[in-house]
Amino acid sequence: MIAIVDYGIGNLRSAEKALQHVGADATLTDDPRVIASAAAVVVPGVGHFGACMEALRSSGLEASVRAAAASGRPMLGICVGMQMLFDGSDEAPETPGLGLVAGRVRRLPADEKLPQIAWNTVDVAARSELFAGVAEPWVYFVHSYVCDPADPDVVTGWSTYGRRYAAAIEQSNVWATQFHPEKSSHVGLALLRNFARKAA
Amino acid sequence: MSAVRIIPCLDVDAGRVVKGVRFVEIRDAGDPVELAARYDTEGADELVFLDITASSDQRDTMLHVVERVAEQVFIPFTVGGGIRSVDDARRMLRAGADKVSFNTAAVNDPDLVARASAEFGDQCVVVAIDARRRDADDASMGWEVVTHGGRTATGLDAIEWAAEVVRLGAGELLVTSMDRDGTKAGYDLELLRAIEAATTVPVIASGGVGTLEHLVAGVTEGGAHAVLAASIFHFGQHTVAEDKAHLAAAGVRVRPA
């Protein structure tokens, strides 16, 4: 079973529906016991970094996410769910992130329209398991901030919007995407299938 | 590099897709979920559902449509029409919509844009602006914001209003020319350019598309980041894939269908 962490932010149903669509046993849950027993964990997130981090902390589920990452079970952060894995964000400098991936979240340059609300291509690293079998990696982004990992080797997909940025990371069991696989049509479903297979 | 989005717009009345009196291919009217899935398969980048239901007791019908679309269609979609409060927006987002679009409600209560943006993030908040030229032949006279399908003039200058709602927290603007809507004469490119230049967020062009050349002009001359159209898709005149091939041939970057 794949647990999607429900900490009360935004539209979390779409990740659940998309995983179910590819045949995964996915459950949206705010129950720490369910997250602890899940084979894999998805950390979604939309909106403001600070608001998401505070909601995760006040929901009491921060420990569950940390435990899942430490356990070696597959984890997937999506959008702000990716950003929360980092040390902190310029969007909410006073709010620490989870610090599971070293690095910081920064605002995209203002010479492009922000947010980036667009489909964009990803330059995929050969070692990527997430993108395995995907020939034309067009995915859907909605964001104004991007993650700058301290170690660029964790990045398995790069995109460009005003600057080059990390579209996807795979750091051992912790995977994350700045884009929304659950909204990226057949490509996104293929990625979720790859994640679900990892969790099986 | 990102791509220009092609956005079919579906007018929904009492749970069914409808479009105008000139509707010729009735099989396309049908079920919003079936139509949404077809557009996804054809390569649509996003969808807009406009709830044109007049009576508020039909709102739950729209909510049910949104839930069904969210279960089966995995591209982003916006819901507009009759969303008057943060609570209305929250219901649509919880049901599975990715974004909500405010139009009349934002004119009546501009702070609603700020409240919705603070609650859900600017990426969830689209403001739809219906604009009409003060002088049909002279763009230098500017555009006025209108509501209720053009029946109500607001006195607001469309360009100033666009900048104001972005300041309040709109993450995207859906700009419709009421002079062109339904005419198939093409977008009002001067309106698009003026709003694009005055704001920092993506602009969706709407109103007046009759040919594929109009879509190209919306991007290359109007500076739009996304092009929205209804009738050219619903009438079976063109598929989304044909659109994209045409835009690509004109040098516009699109996601391949």
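Computed from the coordinates by the stated procedures, all read-outs in this text should not be read as laboratory data. As the structure is a prediction and not an experimental result, all values here were calculated from the model. Don't worry about glycine lacking a Cβ; one is built from the backbone with ideal geometry, like all the others, and counts go over all protein chains shown.
In this Cβ point-charge picture (+1 for Lys and Arg, -1 for Asp and Glu), chain A has a dipole of about 320 debye about its Cα centre. So what is the 222 nm mean residue ellipticity for chain A from helices alone, if each DSSP H run of at least 4 adds -39500 (n - 2.57) and you divide by all residues, rounding to the nearest 500 deg cm²/dmol? The helix contribution divided over chain A gives -7500 deg cm²/dmol. Shielding by partners for peptide A:41-47, expressed as the average number of C-beta atoms from other protein chains within 10 Å of each residue's C-beta, is 2. Take the Cα radius of gyration of the range A:41-92 and divide it by 2.2 N^0.38 Å, N being the number of residues; the result is 1.06. Residues whose amide H falls under 5 Å from that of B:A224, counting only those 5 or more places apart or on a different chain, are B:V219, with hydrogens built in the peptide plane. Rounded to the nearest 20 debye, the dipole size of chain B about its Cα centre is 280 debye, using +1 on the Cβ of Lys and Arg and -1 on the Cβ of Asp and Glu. Counted by neighbouring Cβ atoms within 10 Å, the residues A:I35, A:I117 run from fewest to most as A:I35, A:I117. Remark: relative contact order (chain A) = 21 percent; criterion is Cα-Cα distance under 8 angstrom and separation of 6 or more residues. Cβ-to-Cβ counts within 10 Å put A:K17, B:K184 in ascending order as B:K184, A:K17, the fewest first.
Between B:F120, B:F77, B:F102, the Gaussian network model of chain B with springs among Cα atoms under 10 angstrom shows the greatest mean-square fluctuation at B:F120. P(r) for chain A, from all Cα pairs and a bin width of 5 Å, is 1, 8, 18, 23, 22, 17, 8, 2, 0, 0 %, short bins first.
Among DSSP beta bridges lying fully in the range A:2-199, give the percent that are antiparallel, nearest 5. Looking only at bridges with both residues in the range A:2-199, the antiparallel portion is about 60 percent.
For the range B:73-182, relative contact order (Cα pairs under 8 Å, six or more residues apart, normalised by length) works out to 24 percent.
Converting phi to 3J(HN,Hα) with the Karplus coefficients 6.51, -1.76 and 1.60 and the offset θ = phi - 60°, the range B:120-137 yields 10, x, 5, 5, 8, 10, 9, 10, 8, 10, 9, 10, 10, 4, 6, 9, 4, 9 Hz in sequence order, with x at every glycine or proline.
Which shape class applies to chain B: rounded if a/c is under 1.5, otherwise prolate when a/b exceeds b/c and oblate if not, where a ≥ b ≥ c are the square roots of the Cα gyration tensor eigenvalues? Because its axes are fairly even, with a/c under 1.5, chain B counts as rounded.
Entry for the range B:140-236 at q = 0.14, 0.17, 0.21 Å⁻¹: log10 I(q)/I(0) = -0.49, -0.72, -1.06, Debye formula applied to identical alpha-carbon scatterers, no solvent contribution. Summarising the amide proton neighbourhood of B:W143: residues at separation of 5 or more, or on other chains, whose placed amide H is nearer than 5 Å comprise B:R134, B:A158, B:I159. For chain B, averaging the sequence separation of C-alpha pairs within contact (under 8 Å, six or more residues apart) and dividing by the residue count gives a relative contact order of 19 percent. Given a Förster distance of 41 Å, report the FRET efficiency between B:T61 and B:D137 from their Cβ-Cβ distance, rounded to the nearest 0.05. Efficiency, from the Cβ-Cβ distance: 0.45.
Taking each residue of B:216-227 in turn, how many C-beta atoms of other protein chains fall within 10 Å of its C-beta, and what is the average?
Rounded to a whole number, the mean comes out at 1.
Listed by chain and number, the aspartates and glutamates whose C-alpha is less than 12 Å from the C-alpha of A:K198, apart from same-chain residues fewer than 8 away, are A:E129.
Using the count of nearby Cβ atoms within 10 Å as a rough guide to exposure, how do B:H238, B:H214, A:H186 rank from fewest to most?
A:H186, B:H238, B:H214
For the range A:163-180, backbone phi angles converted through the Karplus equation (6.51, -1.76, 1.60; θ = phi - 60°) give residue-by-residue couplings of 7, 7, 8, 6, 8, 8, 10, 9, 10, 6, 7, 9, 10, 7, 10, 6, 7, 9 Hz, Gly and Pro being listed as x. Annotation: the antiparallel percentage among DSSP beta bridges lying fully within chain B is about 25.
Averaged over peptide A:108-118, the number of partner chain Cβ atoms lying within 10 Å of each residue's Cβ comes to 6.
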